[in-house]
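Asks: Pasting a structure below so you can have a look.
Each reported figure results from applying straightforward, stated rules to the coordinates on display, with no laboratory input. Here the structure is a predicted model, which is why all the values come from computation and not from measurement. Cβ atoms come from the backbone with ideal geometry, glycine included; neighbour counts cover every protein chain shown.
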Amino acid sequence: MWGNPDLSRKVTIAKNGPYLVEGKLPLAKEIIVVDGDGTPVEWQPGETYPDREVYALCRCGESKHKPFCDGMHARTGFDGTETASHKKFVDQADVISGKDIALLDAPDLCASARFCHQAGGIWDLVPKVKDEKSRALAEKIAGQCPSGRLVIWDKKAEKPVEPLFEPSVSLVEDPDAGVSGPIWLKGGVSLESADGRKYETRNRVTLCRCGRSGNKPFCDGSHIDSEFNDGDESLE
């Protein structure tokens, strides 16, 4: 469903430790941009980091060298136990049907990026789609969801409608909420559990980097309640 990923580009979860990134995956910040009403509407490129063949990203939220791991997980006794389902996305998702498209929605994957609030809410928009303009809007909104919670399904083609991403890693920043968000894996990056099992490889997933998610390794929006900040001065 999600294509054939390059298995040399992968993220491995260390037990109670960091995310180990391999394959010279580009790393950069992505910033949520809101409109006058405070609704997220666009992604804005942010700071980029020098290319590295391998690197370790903080998962406990306590590193003094964010976004990279500095070993604080060992000193703080971080419990990184993974609790997320290994089910495929389609087996977790609810279906909201429209005329030519459907919305697949897996709420447990929500990272609270809030792009879904556009146009009165994508859940109300999809059943009303009747022309190319409204369909394009629905596809754009679903594609802006970094976690891949929301996916537009083309009924005729019998396949998902996905934005085109190169394999890469982004660090979500949410200035309007005043917080740093999750780690965003793009473009079919392989994700392996600490016990060696592989999660479904997808075009979009978000990983917790505040250490507080109840759906580890995936983000559940806990960074907002905990006011997590990676040290970006623009969020203070």
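Asks: Compute the acute angle (0 to 90°) between the alpha-carbon long axis of helix 132-144 and the principal axis of greatest extent of the alpha-carbon atoms of the chain; round to the nearest 10°.
Replies: Approximately 10 degrees, to the nearest ten.
Asks: Could you give the distance between the Cα centres of segment 104-160 and segment 184-231, to the whole Å?
Replies: Taking the Cα centre of segment 184-231 as reference, the centre of segment 104-160 is 21 Å away.
Asks: Could the peptides 76-84, 106-114 be put in order, highest first, of the mean number of other beta-carbon atoms found within 10 Å of their residues? Spell out each step's value before the answer.
Replies: Working: 76-84: 13.9, 106-114: 20.9.
Going by the mean number of other Cβ atoms within 10 Å, highest first, we get 106-114, 76-84.
Asks: Under the Kirkwood approximation applied to all pairs of distinct alpha-carbon atoms, what is the hydrodynamic radius of the chain in Å?
Replies: Working: mean 1/r = 0.0554 Å⁻¹.
By the Kirkwood definition, the hydrodynamic radius is 18.1 Å.
Asks: Of 10/140; 66/87; 24/133; 88/140; 15/186, which ones are farther than 29 Å apart at the Cα?
Replies: On the way: 10/140 27 Å; 66/87 31 Å; 24/133 38 Å; 88/140 23 Å; 15/186 23 Å.
Those over the limit are 66/87; 24/133.
Asks: Over the chain, what relative contact order in percent results from Cα pairs under 8 Å that are six or more residues apart? It would help to have the intermediate numbers written out before the result.
Replies: On the way: 546 pairs, mean separation 55.9, N = 236.
Relative CO of the chain lands at 24 percent.
Asks: In addition: Among 161, 33, 205, rank each residue by its count of other Cβ atoms within 10 Å, from fewest to most, as a rough exposure measure. Provide the component values of the computation, followed by the final result.
Replies: Values: 161 16, 33 12, 205 27.
Sorted ascending by nearby Cβ count, the order is 33, 161, 205.
Asks: Still on this model: Mind giving me the nanometre distance, one decimal, between the label points for residue 136 and residue 100, set 7 Å out from Cα along Cα→Cβ?
Replies: Result: 1.3 nm between the two label points.
Asks: Now for a different question. Classify segment 89-161: rounded, prolate or oblate, from the alpha-carbon gyration tensor (a ≥ b ≥ c, eigenvalue square roots; a/c under 1.5 rounded; otherwise prolate if a/b is larger than b/c)?
Replies: On the way: a/c = 1.80, a/b = 1.19, b/c = 1.51.
Oblate is the answer for segment 89-161, as a/c is 1.5 or above yet b/c matches or exceeds a/b.
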